[in-house]
Amino acid sequence: MKKTDIHKTKILREDELRDAADILLRGDTLIFPTETVYGLGARYDSDEALRKIFEAKGRPSDNPLILHVADASWVENIACDIPREAWELMKAFWPGPLSLVLKKQDHISSLISAGLSSVAVRCPSHALAHQLIEAVGLPIAAPSANPSGRPSPTREIDVLEMVGKVDGILLGGDCMVGLESTVLDLSGENPLVLRPGAVTLEEIRTFLPGAQRYLGDPQKAPSPGLRHRHYAPDARVTLLRGSERALLSFIASASPTSCFLLPSDLNIDFDHVHTIAFLPEGHPEEAAARLYALLRDADRAGMEEVYIAEFSSEGIGEALMDRVLRAAQGNILTLEEV
Ligand code: AMP
Ligand code: MG
């Protein structure tokens, strides 16, 4: 980074919401909390402001941004040819962790849509995010607030790593969901879940029985973000498969720079391996809320390897395993019975 690119970052709290809104209104960048992950926002109607998002994240320009709105009525000024089902979904799941990809109106900047003819919109349920959007009075364009490729930030300690890269950070504690929103594409012929999240395909199918998960080649993905390396810490991530016995014996011989994310019902005494986190099996929402924080902590602790056991893909478990597989970038270790 050139010296002139270093930003003086204002750290703000809830009672300084007006200052946070002013940062956005004057065309600067602000990190703010949402229920999914922290977002890195700019006003949607200024290309100069939008460019600052890509600079701060080192984000490739073919990766589009999500527009954050205060309520569904704002979508009328953003999208066109909005199908009836989109309104039903907004009514059912907004405010909440569902982004809808719709045909965009001409005035939406191609920096937001990454040159596509569509735009993603979402109405966050986080109280501070909602108040911020209302105070700004305009949609806020925001991707997740991580440097491109890294796990998304879900805690205050994580976003503070962006000091110097953005103009403001509005702190709001831990994000409740902890994984990025479900992205549902309604701009094509068939409804497609491009990215799984806390709103599940099953829930979407109650409104759109024909909805499918996009399972094609990520290089041809209609959601450009899926093409990029994502959610990975510096440590090498491996998905571990195998019986409880095989897992136990593998853990017993692991190096001290290895750490493990395991289901909490695994019945073992781990005194010899201190870097272990248990994710509550049967409560995938708790595991999802902690995943990115644990990946970031592994880097902070200087771990070289993170082994993650397979969790159930029920409910938000599908999104959880999607992010684990992306962080693992194809590293899967199937343990043989000993
Ligand atoms: P982030 O908030 O960092 O997860 O980034 C937004 C993500 O939303 C992108 O990486 C895409 O996967 C998705 N997205 C945003 N706009 C579109 C769009 N017009 N078409 C398809 N996917 C989109
Ligand atoms: Mg992101």
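Structural remarks
- Restricting attention to region 63-87, the residues that are over 19 Å from Ser118 (Cβ atoms) and either within 14 Å of ligand 1 (Cβ to nearest atom) or touching a residue at least 60 places away in the same chain (Cβ under 8 Å) (or both) total 1.
- From the list Gly149, Gly197, Gly172, Gly115, the one residue that fits, being in a loop (DSSP other than H, G, I, E, B) and out of contact with any Asp or Glu (no Cβ under 8 Å at 6 or more places or on another chain), is Gly149.
- Odd one out for Pro60, checked against (1) within 12 Å of ligand 1 (Cβ to nearest atom); (2) at pLDDT 95 or above: (2)
- Within region 74-114, being out of contact with any helix residue (DSSP H, G or I) (no Cβ under 8 Å at 6 or more places or on another chain), among the small types (Gly, Ala, Ser) and more than 27 Å from Leu201 (Cβ to Cβ) holds for one residue alone: Ser110.
- Selected residue [within 14 Å of ligand 2 (Cβ to nearest atom) and in contact (Cβ under 8 Å) with a residue 12 or more places away in the chain] from Asp158, Asp185, Asp167: Asp158
- Count of residues meeting criterion [buried (at least 24 other Cβ atoms within 10 Å of the Cβ) and within 20 Å of Arg195 (Cβ to Cβ)] in region 34-63: 7
- Residue that is under 15 Å from the mean Cα position of the chain (by Cα), within 11 Å of ligand 1 (Cβ to nearest atom) and at pLDDT below 95, where the choices are Ser148, Ser144: Ser148
- Residue identified as more than 16 Å from ligand 2 (Cβ to nearest atom) and without any contact (Cβ under 8 Å) to a residue 24 or more places away in the chain among Lys103, Lys8, Lys91: Lys91
- Looking across region 211-220, the residues that are surrounded by 10 or more Cβ atoms within 10 Å (Cβ to Cβ) and at pLDDT 70 or above come down to Ala211, Gln212, Arg213, Tyr214, Gly216.
- Residue within region 326-333 that is in contact with a helix residue (DSSP H, G or I) (Cβ under 9 Å, 6 or more places away or on another chain) and more than 22 Å from Ser255 (Cβ to Cβ) present: yes
- Verdict on Asp28 being out of contact with any helix residue (DSSP H, G or I) (no Cβ under 9 Å at 6 or more places or on another chain), farther than 28 Å from Gly210 by Cβ, modelled with pLDDT of 95 or more and among the acidic types (Asp, Glu): no
- Leu138 aliphatic (A, V, I, L, M), at pLDDT 95 or above, over 20 Å from Arg290 (Cα atoms) and outside any helix (DSSP H, G or I): yes
- Out of Leu128, Leu116, one residue alone is out of contact with any His (no Cβ under 9 Å at 6 or more places or on another chain), away from ligand 2 (no atom under 16 Å from the Cβ) and closer than 14 Å to Ile31 by Cα. It is Leu128.
The values are calculated or read from the model by the stated rules, or taken from the named source; none is laboratory data. If you're wondering where the values come from, they're calculated on a predicted model, not measured in any experiment. Note that we place each Cβ from the backbone using ideal geometry, even for glycine, and neighbour counts take in every protein chain shown.
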